[in-house]
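Worksheet: one structure, shown below.
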Ligand code: ATP
Ligand code: MG
């Protein structure tokens, strides 16, 4: 018999001749959602890797120049591919992790009343001239002209755009405020030295929120609300962070904090006080200061990667664009603003930088692109009889832990040994790797379960695995 005629239950009119050869993993109907009968197989994943030196356009990305762990691991794992200096193709595993990160960010922003918008990347020059940033941001702006000669920049940040947007609403009342508007979009900056992969790109994803309040007191409250949401985000990701006082830079305003992940590769120098909670970016402090301005204790230093930045802006932008509202006395008053950035792609790379080992990627559990990797026995091996048990295990997991639908991959490259597939799985950092080894032939079958977070390896039955995985949180 050459093949088996398989009829899809959901789409009975669809009958396919499924070749016997592909049987273990290929009963899948394109029209059904992933689940019973449809399994994600690793052999079909698009994961280009191992570019040769001469194939890489950017010097920074040449294998011999890789100085940064996250960049190296992401290139080796087929998670990103260089396109041009500071610009990367984000490949399927990275996009999955990023989509999860954006979902966590959405939850945190919406929990404090954030409303998601999406503004154009093409930003008209006249808005940027109005704030003088057309000149001030000099070479950092990527500028272009349309066919009518009108000038634009590709948005590096959106204070101008969002303030003009709110200012266009002429009948706002204090009763409608605050507005917390945010977006997750690509940002463009002609960085003098793009490097370290996604850590410093010329095109990258940022979550930027802009807040509009009716008084300075209300705006300060909003400021601390957003800072708290950032703390909650990093805590949920399991990332140790420092909230440091910071310089306001070209964005302007009166108060600012940076959220930093302490790690040696970081480009920011931070001072922290071990005795009280004070910490600051070193550039904000007097160069001679060695004692804590809060408690006078001695300061220590550490390097950090800036993953988030908050600014209290006051009326710096609202006064230029006349973003105003009617106050309780019916008079027009300028909105008090704040702006708050999170480097979405930078957070992904920075998390890998702090969590990974030299050879193996480690994700914050919530962001792992797939939660589980199943490794069936090698073709032709003694254990090959257990292949079907792995299929059954897959379907049982989905049934008992339905949140894992779409989160389980099957490493169907059964021409490879279990050992080499396990090595690959470690490199990619699945939180759970499950192997059908010798004990899969026992009755009942026992599978070897590697739990990345605890470092434990345990032997469990199908039922034990289902119980373990039922606890896994998926965002
Ligand atoms: P840096 O000092 O690292 O250049 P910045 O202070 O210019 O960053 P902000 O304007 O505060 O950056 O942008 C908000 C967030 O966007 C930053 O906290 C960072 O996480 C992210 N970000 C900024 N520049 C880049 C970049 N070139 N590549 C990736 N992420 C970036
Ligand atoms: Mg900053």
>> On C-alpha positions alone, give me the angle between the axis of helix 92-111 and the longest principal axis of the chain, in degrees, nearest 10.
In response: 50 degrees
> Does anyone have the angle between helix 418-428 and the longest principal axis of the chain? Alpha-carbon axes, 0 to 90°, nearest 10?
Replying inline: 10 degrees
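Starting from 0.36 nm per residue, how many nanometres of slack lie between residue 329 and residue 136 once their C-alpha separation is accounted for?
Working: separation 193, 0.36 × 193 = 69.48 nm, distance 3.78 nm.
Between residue 329 and residue 136, full extension yields an extra 65.7 nm.
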>> Suppose the chain between residue 116 and residue 45 were pulled fully straight at 0.36 nm per residue; how much longer would it get relative to their current alpha carbon spacing?
In response: 22.4 nm
> Hey, if you drop one equal point scatterer on each alpha-carbon of the chain and run the Debye formula without solvent, what base-10 log of I(q)/I(0) do you get at q = 0.07, 0.12, 0.14 Å⁻¹?
Replying inline: -0.47, -1.11, -1.32
>> Can you show me the helix-derived [θ] at 222 nm for the chain, built from DSSP H runs with n ≥ 4 at -39,500 (n - 2.57) apiece and divided by the number of residues, rounded to the nearest 500.
In response: -7500 deg cm²/dmol
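Roughly speaking, what is the stretch gain from residue 65 to residue 95, that is 0.36 nm per residue apart minus the C-alpha to C-alpha distance, in nm to one decimal? It would help to have the intermediate numbers written out before the result.
Working: separation 30, 0.36 × 30 = 10.80 nm, distance 2.51 nm.
That pair, residue 65 and residue 95, stretches by 8.3 nm at full extension.
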>> What distance in nm separates the two pseudo spin-label positions at residue 151 and residue 107, each 7 Å out from Cα along the beta-carbon direction?
In response: 4.5 nm
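Can you sort 332, 389 from fewest to most other Cβ atoms within 10 Å of each residue's own Cβ?
So the residues, fewest neighbours to most, are 332, 389.
Rounded to the nearest 5, what % of DSSP beta bridges with both residues in the chain are antiparallel?
Restricted to the chain, the bridges split so that about 85 percent are antiparallel.
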> At what distance in nm do the modelled label points of residue 263 and residue 221 sit from each other, each positioned 7 Å from its Cα along Cα→Cβ?
Replying inline: 3.7 nm
>> Can you tell me the orientation of helix 387-400 relative to the chain, as the angle in degrees between its alpha-carbon axis and the longest Cα principal axis, to the nearest 10?
In response: 40 degrees
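Taken together, the values in this text are just the output of simple stated rules run on the coordinates, not laboratory data. Bear in mind that the values here come from a model prediction, so they are computed numbers and not experimental data. Glycine gets a Cβ as well: all are built from the backbone with ideal geometry, and neighbour counts include every protein chain shown.
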